[in-house]
Amino acid sequence: MARKKIALIGAGQIGGTLALLAATKELGDVILFDVVDGVPQGKALDLSQSGPVEGFNSTLKGTSEYKDIVGADVVIVTAGVPRKPGMSRDDLLEINLKVMEQVGAGIAKYAPEAFVICITNPLDAMVWALQKFSGLPANRVVGMAGVLDSARFRHFIADELKVSVQDVTAFVLGGHGDTMVPLPRYSTVGGIPLPDIVKMGWMSKEKLEQIIQRTRDGGAEIVGLLKTGSAFYAPAASAIEMAESYLKDKKRILPCAAFLKGEYGVKGTYVGVPVLIGAGGAEKIVEISLSGSEQKAFDKSVAAVNGLVDACKKIAPKLA
Ligand code: LMR
């Protein structure tokens, strides 16, 4: 069977971690692209030299030329600028929108058959713009956010209860911003929904509220600690989980930013929802039922995303 080709657009902290994970998991051969000449080449060479130690056979090539991503099966986009302490993800809209235009053109020209995963912030608006700029079908362009936000939620719960993260599931819906919607009703410990964990007295209601807020602030907490950049290990691991589900047709149900065509009462916007990811890309949007307050919180999050999409249309009228 021919090896798959994974193109990583952006060779910063997330790009380098993605390359490491893709290679060690032997998902395919890796092309690491960045406009900053030398960085992708240096990182790819360094990672290649870890191959004999780690024992992986994936090849890695660094490049500053889009033509090298030709025929990629998966493209993961991290290109753009991360926020600094005190900034919101939304502050990056204008600068990263310009980057999405170039990346979209490169994908359209050289990898139009790829499954594209966007990580660049503000996530939901950037994946919307990337799909428009690239012209790829919406079911093959998704955003990585829900897996990351849910992983944070899962970690905080497991850490609090001192249980294995393997036994904790969690769902976070909505946009990847301050309005994201962690859903305790759909989050479980050993199969027991969180509201029941609270009823059993295993976790207090106040603690659960704190964990929910910490999940919403998860990205900012790391930005505040790192000071010169944002999270990269967990975002990279999350995107790789999505890529693997596509490449191996695993049909995982993963929360990610997907294009909605009326599901959840939303049309024409990307927002975080559970999605079945398989060889057909985003094969199915899974519609879970929401209570009144959950729906209200979700609608607020969609409205925030729509505001950012409108801002994109103003900056780049050809997107309208
Ligand atoms: C994250 O959640 O870690 C990323 O969206 C980066 C950020 O700026 O918070």
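The values are calculated or read from the model by the stated rules, or taken from the named source; none is laboratory data. Small disclaimer: the values here were computed from a predicted structure and weren't measured. Note that each Cβ is placed from the backbone with ideal geometry, even for glycine, and that neighbours are counted across all protein chains shown. Side chains are part of the model used for accessible areas, which takes the heavy atoms of the whole protein and leaves out ligands, DNA and RNA. Shrake-Rupley method; radii C 1.70, N 1.55, O 1.52, S 1.80 Å.
Structure above, values below:
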read-out: Top-ranked residue of the stretch 143-165 - restricted to ones that are out of contact with any helix residue (DSSP H, G or I) (no Cβ under 7 Å at 6 or more places or on another chain) and open to solvent by less than 10 Å² (accessible area, probe 1.4 Å), ranked as nearest to residue 204 (Cα to Cα); value: 150
read-out: Residues being touching a residue at least 12 places away in the same chain (Cβ under 8 Å) and part of a helix (DSSP H, G or I) - total across the stretch 5-50; value: 22
read-out: Lone qualifier among 218, 229 - being out of contact with any strand residue (DSSP E or B) (no Cβ under 9 Å at 6 or more places or on another chain), modelled with pLDDT under 95 and small (Gly, Ala, Ser); value: 229
read-out: For residue 37: the one exception among (1) closer than 21 Å to residue 244 by Cα; (2) at pLDDT below 95; value: (1)
read-out: Selection within the stretch 121-171 - assigned to a loop (DSSP other than H, G, I, E, B), touching a Pro at 6+ places or on another chain (Cβ under 9 Å) and closer than 30 Å to residue 71 by Cβ; value: 121, 135, 136, 144, 145
read-out: Top-ranked residue in the stretch 204-232 [being among the hydroxyl-bearing types (Ser, Thr, Tyr) and within 15 Å of the ligand (Cβ to nearest atom); ranked as nearest to residue 152 (Cα to Cα)]; value: 215
